[in-house]
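S.K.: Would you mind keeping the following structure in view while I ask a few things?
The values are calculated or read from the model by the stated rules, or taken from the named source; none is laboratory data. Since the structure is predicted, the reported quantities are computational estimates derived from the model, not experimental observations. Counting neighbours? That spans all protein chains shown, and the Cβs are built from the backbone with ideal geometry, glycine included.
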Amino acid sequence: MIKNRWRFNLWLLLQCIIVICFYAAYTRGYDVIQLLYRYDITFISFGILSLYVLSSLWIGIHTLFGMHREVCDWPVFISENLVTLGMLGTLIGLMVAIGSLFGLDLTNAADAAIGIQTIAGGVSIAMITTLVGIISSLLLKIQLVLWDKTLTAVENAFFTSD
């Protein structure tokens, strides 16, 4: 039981660090959720974050109750595909950026300005979804390592039954 609490406490510490980072960004004027809402018109980043939160909560609950990772591999599948979803957002953003150039009269200054704004919007979609996918995947993989049996040797070193 102590081993399970140790793993859960590590998971909880990671969640607290994530919340503190979001709070620090918010106090410095970076409302991350508002930025995602404003610049990601595809809402792929919200889908990535939703998958991350659900997987993270699932890992936390199973860590608390001492279930091993062999019970289910879907969190591993999700952690590996969060980057893929980010890359999907990148492709969509680039398609928006490039598609905005077709049919534009670049000799007209007003059309050129609208084209540049649309290109900037497409590139922001591309960058935001990629960044959210990579960070979410990395954080979920850290949680999976904490939950994995690779920590058994460390736990046995600290929690011996002598």
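S.K.: So Ile92 ticks every box in (1) under 26 Å from Leu146 (Cβ atoms); (2) more than 16 Å from the chain's Cα centre (by Cα); (3) crowded, with 16+ Cβ neighbours inside 10 Å but one. Which box is left unticked?
M.R.: Failing condition for Ile92: (1).
S.K.: Out of (1) part of a loop (DSSP other than H, G, I, E, B); (2) more than 29 Å from Ile116 (Cα to Cα), what's the single condition that is false for Tyr30?
M.R.: Only one criterion in (1) part of a loop (DSSP other than H, G, I, E, B); (2) more than 29 Å from Ile116 (Cα to Cα) is unmet by Tyr30, namely (2).
S.K.: Also, I was wondering about something else. Could you count how many residues in region 40-91 are touching a Gly at 6+ places or on another chain (Cβ under 8 Å) and assigned to a helix (DSSP H, G or I)?
M.R.: The qualifying residues number 10.
S.K.: Another one. Would you confirm, using the coordinates I've provided, whether Ile33 is over 15 Å from the mean Cα position of the chain (by Cα) and hydrophobic (A, V, I, L, M, F, W, C)?
M.R.: Considered against the rule, which asks whether it is over 15 Å from the mean Cα position of the chain (by Cα) and hydrophobic (A, V, I, L, M, F, W, C), Ile33 comes out as no.
S.K.: Can you name the condition, by its number, that Ile20 falls short on among (1) farther than 16 Å from Gly133 by Cβ; (2) within 20 Å of the chain's Cα centre (by Cα); (3) part of a helix (DSSP H, G or I); (4) modelled with pLDDT under 90?
M.R.: (4)
S.K.: Let me ask something additional. Being free of Cβ contacts under 8 Å to residues at least 40 places away in the same chain and of a type in the set (Asp, Glu), is that true of even one residue in region 80-96?
M.R.: No: zero hits.
S.K.: Is there a residue in region 105-116 that is more than 30 Å from Leu10 (Cβ to Cβ), touching a helix residue (DSSP H, G or I) at 6+ places or on another chain (Cβ under 7 Å) and either β-branched (Val, Ile, Thr) or surrounded by fewer than 20 Cβ atoms within 10 Å (Cβ to Cβ) (or both)?
M.R.: yes
S.K.: Being surrounded by 15 or more Cβ atoms within 10 Å (Cβ to Cβ) and at pLDDT below 85 narrows it down to one of Arg5, Arg69, so name that one.
M.R.: Going through Arg5, Arg69 in turn, the sole match is Arg69.
S.K.: Based on what the data block shows, is Asp148 closer than 19 Å to Leu14 by Cα, out of contact with any His (no Cβ under 8 Å at 6 or more places or on another chain) and among the charged types (D, E, K, R)?
M.R.: Yes; evaluated as a whole, the condition is true for this residue.
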